[in-house]
Amino acid sequence: MTRTKKDILADVRALAVEYYQLAGKPLGVTGEIGEFEAAEKMGLELGTARTEGYDAIRREGSYKQIQIKSRWRFDGVRPHDRVGTINIKKKFDSVMLVLMHKD
């Protein structure tokens with residue numbers, strides 16, 4: 001059986017939640033999971049790894065480059081906790097915030 005990116009990231013997501021509950025800190029895969037989830041749910045095309053300024057492209061309508069920021073929402077984490085820096089000197093058209101819950 002060939003596993004898909006979706007299958008692998010589902011396992012990674014479960015491990016990241018388990019790791020956070022055990023260690024009390026994130027595993028460091030939030031960005032990758034959030035980008036994949038956003039692309040899948042919003043019909044976006046992911047950019048190549050480490051593209052400066054944006055993470056995904058929307059080709060429907062007009063061409064848009066989208067920077068994606070992701071954040072886990074665990075019980076006890078304040079909703080005003082910070083997300084990654086948005087570098088306004090890099091080229092992008094919009095920013096999308098992906099909030100993920102452990103469930």
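Going by accessible surface with a 1.4 Å probe and the largest first, Arg59, Arg71 read Arg59, Arg71. Largest mean-square fluctuation among Ala38, Ala14, Ala49, in a Gaussian network model of the chain whose springs join Cα atoms under 10 Å apart, belongs to Ala49.
Placing pseudo-labels 7 Å out from each Cα toward the beta carbon at Thr4 and His101 gives an inter-label distance of 2.4 nm.
Checking the cross-link pairs Lys64/Lys90; Lys6/Lys64; Lys5/Lys91; Lys6/Lys41; Lys69/Lys90 against a 18 Å limit on the alpha carbon distance flags Lys6/Lys64; Lys5/Lys91 as lying beyond it. Between Val29 and Ser62, the contour length at 0.36 nm per residue exceeds the Cα-Cα span by 8.9 nm. FRET efficiency for the pair Asn87 and Ala49, taken as 1/(1 + (r/R0)^6) with r the Cβ-Cβ distance and R0 = 25 Å, rounds to 0.90.
Only one residue of Met1, Ser62, Ile86 has its Cα farthest out toward the positive end of the dipole of the chain, where Lys and Arg carry +1 and Asp and Glu -1 on Cβ, and that residue is Ile86. Each of Glu35, Glu60, Glu40 has its accessible area taken with a 1.4 Å probe; listed largest first, they run Glu60, Glu40, Glu35. Using only alpha carbons, the chain has a radius of gyration to Kirkwood radius ratio (Rg to Rh) of 0.99.
The values are calculated or read from the model by the stated rules, or taken from the named source; none is laboratory data. None of these values were measured; they are calculated from a predicted model. Neighbour counts run over all protein chains shown; Cβ positions are idealised from the backbone, glycine included. Calculation scope for accessible area: heavy atoms of the full protein, side chains included, ligands and nucleic acids excluded. Shrake-Rupley method; radii C 1.70, N 1.55, O 1.52, S 1.80 Å.
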